[in-house]
Structures are given as C-alpha cells and as structure tokens.
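Q: I'd like to ask you about the structure that follows.
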Amino acid sequence: GAVVSQHPSWVICKSGTSVKIECRSLDFQATTMFWYRQFPKQSLMLMATSNEGSKATYEQGVEKDKFLINHASLTLSTLTVTSAHPEDSSFYICSASLAGGPNEQFFGPGTRLTVL
Amino acid sequence: KQEVTQIPAALSVPEGENLVLNCSFTDSAIYNLQWFRQDPGKGLTSLLLIQSSQREQTSGRLNASLDKSSGRSTLYIAASQPGDSATYLCAVPRTGANNLFFGTGTRLTVIP
C-alpha cells in the first residue's frame, strides 16, 4: 500500500515550452502533497505544498506563476513548469502522506526534466 | 530554521563490513525522523521511520537510532553488500507541517 506514482518519468523539452508533471496517490487519499526539486548532487528542497481544493503554498524563492500547482482531487496533484528554461532542468519529486497526519511520507519515483 | 546535516558525505567500504551513517538536526522538537535510500536518478525508498517516543527501529540488516536531546540519529548497516550502494538521506518534519527537511546525504559505495 501507500504507492505514489509520477508521470512522466522523464521529459525533454525546448526552452520556452511548458511541461506538466502528474503526481498520483494510487491506493490512498492525500489531502496534502508536496513537490520537491533536486539538483545534481544536492539534497531535496521543498518547492511547494499542494492542498486539495485550495491554493498551493510556495516556499520562499519559488515563483508561483512559473510553477503552477493544481490539486484537483484527493489523489492527484499536478506541477506545470511554464516557459521552461535550461536552469529549470532538475529532478522533480512529489510526496504524499495519509490523510490525518502527521505521518510517514511516501515519495513518487521522480521526474527528470531536461530543458534544451 | 531546521538544518539537517549528514556525515560523512561519502563512504566506501569493502563488502561485509558493518557501517554507521550519521545525521544531526538543529531543532530537536521533531515528532519523527525518516531514513531514505536513493539510487542514482531514482526516487526515494523509505527505509525506517522512528517516532519521537522511540529510541530505535530495526528492519533486517538496518538499525536506526534516535537521540532527540542531542539532535542525532544513526543508521547502522550490518554486513554490507554491493546492493547497498546508494545515497542515504535522513529527514525530519517541519514543525507544524508534514513536509520534510532533508539532510545532505551520504553516498555509500560497497566494494565487492
């Protein structure tokens, strides 16, 4: 149980295009999901907290207009990188915890984004 | 602000050795601590979760300890195997939230 999936697992796009990444909790409901970013040889850094039915909460320094987050249901959150640039190339990982936390975090397999 | 540090940053050991990875955190007001494994280019695999009321957790060859008062946790790996080669991350929850602060990671290489 407690499986989180991400789609796509990797994506290559041209500079200026937008990319959508999906995060799904497959066998549980998650009122809150988290989006992290990991640059090469660095640890994970929280980008934003995605709350079902409400606006996401962004960490300092993360542009909300560039990284659009939608949490339309209890099992799906999406991250859209708008007008992507090469510096947005990174590994994006989402996580979710069982509703009613605090609880163990379950992580998706990550999405490797490369912007040419 | 919580800061999580892991020492060493990298470690190479011959197969069969026992080893200890260290994690320290600055704010001891945590309610749990998790250890994760990350293979290159992959997501995270949760290894062990220790609640604040616990001192240690064991899973197979892995044993994690937690000392909240000193802000430290250790991950002990017994009889290391080449398949244990990966980056190991410790993480603690943010106060009042469920998201995690991650340590800097220890990259482990077990040499056959």
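The values are calculated or read from the model by the stated rules, or taken from the named source; none is laboratory data. Treat the numbers as computed from the prediction; the structure is a model and nothing was measured. Positions of Cβ are generated from backbone atoms using ideal geometry, with glycine treated the same way; all protein chains shown enter the neighbour counts.
Q: Within segment A:60-76, is even one residue polar (S, T, N, Q), modelled with pLDDT of 90 or more and crowded, with 21+ Cβ neighbours inside 10 Å?
A: Within segment A:60-76 (the criterion being polar (S, T, N, Q), modelled with pLDDT of 90 or more and crowded, with 21+ Cβ neighbours inside 10 Å), the answer is no, since none of the residues qualifies.
Q: Scan segment B:20-48 for residues that are outside any strand (DSSP E or B) and β-branched (Val, Ile, Thr) and jot them down.
A: Hits for segment B:20-48 are B:Thr26, B:Ile30.
Q: Still on this structure: B:Gly96: within 11 Å of chain A (Cβ to nearest Cβ), among the small types (Gly, Ala, Ser) and more than 19 Å from A:Leu44 (Cα to Cα), yes or no?
A: Yes, satisfied.
Q: On to the next question. Kindly indicate which of A:Gln42, A:Gln29, A:Gln6, A:Gln38 is without any contact (Cβ under 8 Å) to a residue 12 or more places away in the chain and not aromatic (Phe, Trp, Tyr).
A: The conditions single out A:Gln42.
Q: If you don't mind, another one. Kindly evaluate B:Gly83 against the criterion of being within 11 Å of another protein chain (Cβ to nearest Cβ), surrounded by fewer than 13 Cβ atoms within 10 Å (Cβ to Cβ) and closer than 28 Å to A:Val4 by Cβ.
A: Judged against the criteria, B:Gly83 is not a match.
Q: Give the number of residues within segment A:63-116 that are touching a helix residue (DSSP H, G or I) at 6+ places or on another chain (Cβ under 9 Å), within 13 Å of another protein chain (Cβ to nearest Cβ) and of a type in the set (Val, Ile, Thr).
A: Final tally of qualifying residues: 1.
Q: Can you tell me how many residues in segment A:1-54 are over 14 Å from A:Ile93 (Cβ atoms), surrounded by 13 or more Cβ atoms within 10 Å (Cβ to Cβ) and of a type in the set (Lys, Arg)?
A: The qualifying residues number 1.
Q: Sticking with this one: Just wondering, is there one or more residues in segment B:38-49 that are touching a residue at least 40 places away in the same chain (Cβ under 8 Å), among the acidic types (Asp, Glu) and either closer than 30 Å to A:Pro8 by Cβ or surrounded by fewer than 13 Cβ atoms within 10 Å (Cβ to Cβ) (or both)?
A: Yes, segment B:38-49 has at least one match.
Q: On to the next question. For segment B:99-112, which positions are part of a loop (DSSP other than H, G, I, E, B) and more than 11 Å from every other protein chain (Cβ to nearest Cβ)?
A: Passing the criteria: only B:Pro112.
Q: Let me ask you something else. Out of the residues in segment B:53-80 meeting the condition of being outside any loop (DSSP other than H, G, I, E, B) and in contact (Cβ under 8 Å) with a residue 40 or more places away in the chain, tell me which one is surrounded by the most Cβ atoms within 10 Å (Cβ to Cβ).
A: Among residues in segment B:53-80 that are outside any loop (DSSP other than H, G, I, E, B) and in contact (Cβ under 8 Å) with a residue 40 or more places away in the chain, the one surrounded by the most Cβ atoms within 10 Å (Cβ to Cβ) is B:Ser73.
Q: Please return the ranges of strands (runs of 3 or more DSSP E) entirely within segment A:32-116 where 2 or more residues are more than 26 Å from B:Leu48 (Cβ to Cβ).
A: A:45-51, A:67-73, A:76-81, A:111-115
Q: Inspect segment B:31-40 for any residue being touching a Lys or Arg at 6+ places or on another chain (Cβ under 9 Å) and not charged (D, E, K, R) and give the result as yes or no.
A: Looking through segment B:31-40, at least one residue is touching a Lys or Arg at 6+ places or on another chain (Cβ under 9 Å) and not charged (D, E, K, R).
Q: For residues in segment A:80-98 being among the small types (Gly, Ala, Ser) and over 16 Å from B:Phe36 (Cα atoms), which is surrounded by the fewest Cβ atoms within 10 Å (Cβ to Cβ)?
A: A:Ser83
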